[in-house]
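Asks: I'd like to ask you about the structure that follows.
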Amino acid sequence: MSSGGENIGLLEKPPVDAPAPAPEASARTRRVHIKTFGCQMNVYDSERMSEALGAGGYTATDTPEDASLVLLNTCHIREKAAEKVYSELGRIRAIKIRRAGIGQETMVVVAGCVAQAEGAEIIRRAPVVDLVIGPQSYHRLPALIARIQSGERGLVETEFPEEDKFEHLPERQLAPRARRQTTAFLTAQEGCDKFCTFCVVPYTRGAELSRPVARLVEEARRLVDQGVRELTLLGQNVNAYHGAGPDGNAWSLARLIGALSEIDGLERLRYMTSHPRDMSDDLIAAHANEPKLMPYLHLPFQAGADRILAAMNRKHTAADYMALVGRLRRARPDLALSTDIIVGFPGETDAEFEATLAMVREVVFAQAYSFKYSPRPGTPAASMDRQVPEPVKAERLQRLQALLEEQQSAFARGLVGRTVPVLFEKAGRKPGQLIGRSPYLQSVHVEAADAWLGRVADTAILSAGPNSLAGVIKAQ
Ligand code: SAH
Ligand code: SF4
Ligand code: F3S
């Protein structure tokens with residue numbers, strides 16, 4: 001459930017373990033275990049790190065006990081996310097000690113946004129860590145690992161480097177197990193210059209940087225050649241994309257989407273996350289004109305009261321957001337929206353929280369991620385007066401999530417009886433069953449032959465459960 005339970009945002013997924021290893025090449029094969037926390041950008045980075053390590057002879061394992069290299073790719077967005085890293089390091093320390101008992105070495109690397117934010121502090125708190133490496137430096141990972149192998153310890157690499165990591169990484173080569181994967185992430189833009197007062201991302205990821213169009217088209221082609229059918233372009237503000245185009249001009253996200261749409265074999269495109277301020281006219285038009293662009297948009301609004309939005313430095317009002325939603329829905333009437341919302345930002349009154357609820361009722365979301373405000377060290381909001389007490393935040397979150405869950409299930413029920421295109425991704429639990437995704441990222445279960453894997457089929461939706469839909473492929 002997206003809006004319930006733990007703080008799991010669209011840009012923050014439950015930790016995922018790396019894919020299982022390819023068959024063992026030799027008894028001396030070096031193994032890496034990567035555990036990823038946080039947003040899709042971290043998932044993408046872990047894939048790239050895994051591929052770079054693969055080129056250096058490492059195979060992936062999902063059992064940390066078997067790994068001579070354990071890498072945590074971390075998230076700093078909320079307090080709980082950061083604390084998870086230290087408890088995970090406690091577990092890894094125990095594994096390292098056990099492995100040492102049987103004569104096996106274990107290198108421990110902390111990468112990602114906690115690495116960037118805490119740097120050497122991580123090694124002070126958890127001396128088991130051999131290397132701390134920030135999100136913009138991981139192209140240097142193989143060289144740093146070689147230094148650890150030759151006996152160095154306690155390395156910290158968190159300067160923002162001059163060079164662009166993407167230009168120094170090996171070309172995309174999906175891991176053998178991932179080769180049948182039909183969907184992939186593609187980071188189009190890094191960093192963030194928006195400095196919302198609650199947020200650590202501008203500090204952990206650095207300045208906004210758009211990758212050149214040609215590099216993205218090339219990477220997309222390679223992924224499609226390897227079987228990928230759906231790409232999600234990533235960036236903390238991906239709709240502010242302005243990468244160098246082949247003509248020497250800066251291209252907008254809409255133009256990039258146009259170029260990627262021309263790739264044969266690519267069926268679907270998505271992008272996330274978008275800032276309401278950067279929803280340009282050509283991008284809104286792309287929702288009307290680009291058939292490969294899915295009618296589903298993640299557009300965080302954070303809060304319903306203009307005073308809070310101003311204090312958050314969002315630089316848009318509730319009315320701006322509503323007007324934007326109206327324009328998007330006129331461009332693409334079947335467009336559905338998801339969003340992020342924070343409750344209990346410093347100074348938020350009951351009436352201001354009610355404004356957030358009113359906004360949710362007015363827009364109606366297919367999906368939403370909602371969080372209690374979590375003060376982050378070094379951000380302006382953390383030192384603002386009138387921090388909201390924890391029980392008030394908890395009560396507001398509960399009320400908000402009840403409303404969001406109602407909207408989410410109403411949206412799913414609304415699809416029953418309709419026909420939607422579904423991209424089939426994997427076999428279901430029962431023989432003869434496949435699982436695919438609707439345009440709105442819901443799982444759809446059907447009875448169908450394996451030949452449908454990797455293909456899109458018009459599917460009549462028969463029923464809606466709490467977490468998935470069931471349907472039947474229409475005669476094609
Ligand atoms: N770039 C995206 C958001 C990235 S972080 C955007 O601008 O919308 C994902 C979500 O985490 C945010 O949208 C916000 O809702 C939430 N978030 C970020 N910092 C937070 C904090 N300090 N406390 C609680 N939620 C936070
Ligand atoms: Fe954080 Fe705001 Fe940047 Fe999003 S736009 S990453 S919330 S600073
Ligand atoms: Fe977390 Fe960093 Fe992503 S703080 S949400 S992993 S950009």
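No value in this document is a laboratory result; all are computed from the given coordinates. What you see is a predicted model, and the numbers here were worked out from it, not measured in a lab. Neighbour counts are summed over all protein chains in view; Cβ atoms, including those assigned to glycine, are modelled from backbone coordinates with ideal geometry.
Asks: Which one of these does Arg124 not meet: (1) loosely packed, with under 14 Cβ neighbours inside 10 Å; (2) touching a residue at least 40 places away in the same chain (Cβ under 8 Å); (3) under 29 Å from Arg78 (Cα atoms); (4) more than 16 Å from ligand 3 (Cβ to nearest atom)?
Replies: (2)
Rundown of residues vs (1) assigned to a loop (DSSP other than H, G, I, E, B); (2) within 16 Å of ligand 1 (Cβ to nearest atom), yes/no style:
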{"position": "Ala310", "(1), (2)": "no, yes"}
{"position": "His316", "(1), (2)": "yes, yes"}
{"position": "Val325", "(1), (2)": "no, yes"}
{"position": "Pro333", "(1), (2)": "yes, no"}
{"position": "Ser338", "(1), (2)": "no, yes"}
{"position": "Ile342", "(1), (2)": "no, yes"}
{"position": "Glu362", "(1), (2)": "no, no"}
{"position": "Arg376", "(1), (2)": "yes, yes"}
{"position": "Arg396", "(1), (2)": "no, yes"}
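Asks: Continuing with the same structure: Could you say whether any residue in the stretch 178-186 is within 16 Å of ligand 2 (Cβ to nearest atom), assigned to a helix (DSSP H, G or I) and of a type outside the set (Asp, Glu)?
Replies: If we filter the stretch 178-186 for residues that are within 16 Å of ligand 2 (Cβ to nearest atom), which is where we start, we get none.
No, the stretch 178-186 contains no residue that is within 16 Å of ligand 2 (Cβ to nearest atom), assigned to a helix (DSSP H, G or I) and of a type outside the set (Asp, Glu).
Asks: Also, I was wondering about something else. Can you work out which of the residues in the stretch 160-193 that are crowded, with 18+ Cβ neighbours inside 10 Å and charged (D, E, K, R) is farthest from Leu309 (Cα to Cα)?
Replies: Here the answer is Arg172.
Asks: Return only the number of the condition from (1) crowded, with 17+ Cβ neighbours inside 10 Å; (2) assigned to a helix (DSSP H, G or I); (3) more than 23 Å from the chain's Cα centre (by Cα) that Gln408 does not satisfy.
Replies: Going through (1) crowded, with 17+ Cβ neighbours inside 10 Å; (2) assigned to a helix (DSSP H, G or I); (3) more than 23 Å from the chain's Cα centre (by Cα) one by one, Gln408 breaks only (3).
Asks: Inside the stretch 63-109, can you point out the residues that are in contact (Cβ under 8 Å) with a residue 24 or more places away in the chain, of a type in the set (Ser, Thr, Tyr) and part of a helix (DSSP H, G or I)?
Replies: Tyr86
Asks: Might you let me know whether the stretch 193-202 holds any residue that is within 16 Å of ligand 3 (Cβ to nearest atom), under 20 Å from the mean Cα position of the chain (by Cα) and closer than 30 Å to Thr59 by Cα?
Replies: The initial filter retains those residues of the stretch 193-202 that are within 16 Å of ligand 3 (Cβ to nearest atom), namely 193-202.
Narrowing further to those that are under 20 Å from the mean Cα position of the chain (by Cα): 193-196, 198-202.
Checking the rest, the ones that are also closer than 30 Å to Thr59 by Cα come to none.
Taking every residue of the stretch 193-202 in turn, none turns out to be within 16 Å of ligand 3 (Cβ to nearest atom), under 20 Å from the mean Cα position of the chain (by Cα) and closer than 30 Å to Thr59 by Cα.
Asks: Condition first: closer than 20 Å to Tyr296 by Cα, outside any strand (DSSP E or B) and not small (Gly, Ala, Ser). Now tell me which residues in the stretch 233-261 satisfy that. Can you show your working first?
Replies: Pass one, the stretch 233-261, residues closer than 20 Å to Tyr296 by Cα: 233-241, 252-261.
Remaining after also requiring outside any strand (DSSP E or B): 235-241, 253-261.
Gln236, Asn237, Val238, Asn239, Tyr241, Leu253, Arg255, Leu256, Ile257, Leu260 - these are the residues of the stretch 233-261 that are closer than 20 Å to Tyr296 by Cα, outside any strand (DSSP E or B) and not small (Gly, Ala, Ser).
Asks: Now a separate question. If you go through the stretch 192-215 one residue at a time, how many are farther than 19 Å from Asn42 by Cβ, of a type outside the set (D, E, K, R) and part of a helix (DSSP H, G or I)?
Replies: Qualifying residue count, the stretch 192-215: 2.
Asks: If you don't mind, there's one more thing I want to ask. How many residues are within 16 Å of ligand 3 (Cβ to nearest atom), in a helix (DSSP H, G or I) and buried (at least 17 other Cβ atoms within 10 Å of the Cβ) if we restrict to the stretch 378-394? Show your work before the answer.
Replies: At the first step, the residues of the stretch 378-394 found to be within 16 Å of ligand 3 (Cβ to nearest atom) are 378-379, 381-382.
Within this subset, residues satisfying the condition of being in a helix (DSSP H, G or I) are 381-382.
Adding the requirement that they be buried (at least 17 other Cβ atoms within 10 Å of the Cβ) leaves 381.
Qualifying residue count for the region: 1.
Asks: Could you list, in sequence order, the residues of the stretch 346-398 that are among the small types (Gly, Ala, Ser) and farther than 23 Å from Ala336 by Cα?
Replies: Gly347, Ala351, Ser374, Gly378, Ala381, Ala382, Ser383, Ala394
Asks: Is it the case that the stretch 243-251 has a residue that's under 16 Å from the mean Cα position of the chain (by Cα), away from ligand 3 (no atom under 16 Å from the Cβ) and in contact (Cβ under 8 Å) with a residue 40 or more places away in the chain?
Replies: Initially, the stretch 243-251 is screened for residues under 16 Å from the mean Cα position of the chain (by Cα), giving none.
No, because not a single residue in the stretch 243-251 is under 16 Å from the mean Cα position of the chain (by Cα), away from ligand 3 (no atom under 16 Å from the Cβ) and in contact (Cβ under 8 Å) with a residue 40 or more places away in the chain.
Asks: Show the residue pairs meeting these rules: Cβ distance below 7 Å; 6+ apart or different chains; first residue within the stretch 191-204 and closer than 18 Å to Ala303 by Cα and hydroxyl-bearing (Ser, Thr, Tyr); second residue within 12 Å of ligand 3 (Cβ to nearest atom) and in a loop (DSSP other than H, G, I, E, B).
Replies: Thr197/Thr379
Asks: All but one of (1) within 27 Å of Val343 (Cα to Cα); (2) of a type in the set (S, T, N, Q); (3) more than 16 Å from ligand 2 (Cβ to nearest atom) hold for Thr106; state the number of the condition that does not hold.
Replies: Unmet for Thr106, out of (1) within 27 Å of Val343 (Cα to Cα); (2) of a type in the set (S, T, N, Q); (3) more than 16 Å from ligand 2 (Cβ to nearest atom): (1).
Asks: Can you tell me which of Ala207, Ala214, Ala220 is without any contact (Cβ under 8 Å) to a residue 60 or more places away in the chain, more than 16 Å from ligand 3 (Cβ to nearest atom) and more than 29 Å from Gln442 (Cα to Cα)? Spell out how you get there, then give the answer.
Replies: Details: Ala207 fails: more than 16 Å from ligand 3 (Cβ to nearest atom); Ala220 fails: more than 29 Å from Gln442 (Cα to Cα).
Just a single option satisfies the conditions, and that option is Ala214.
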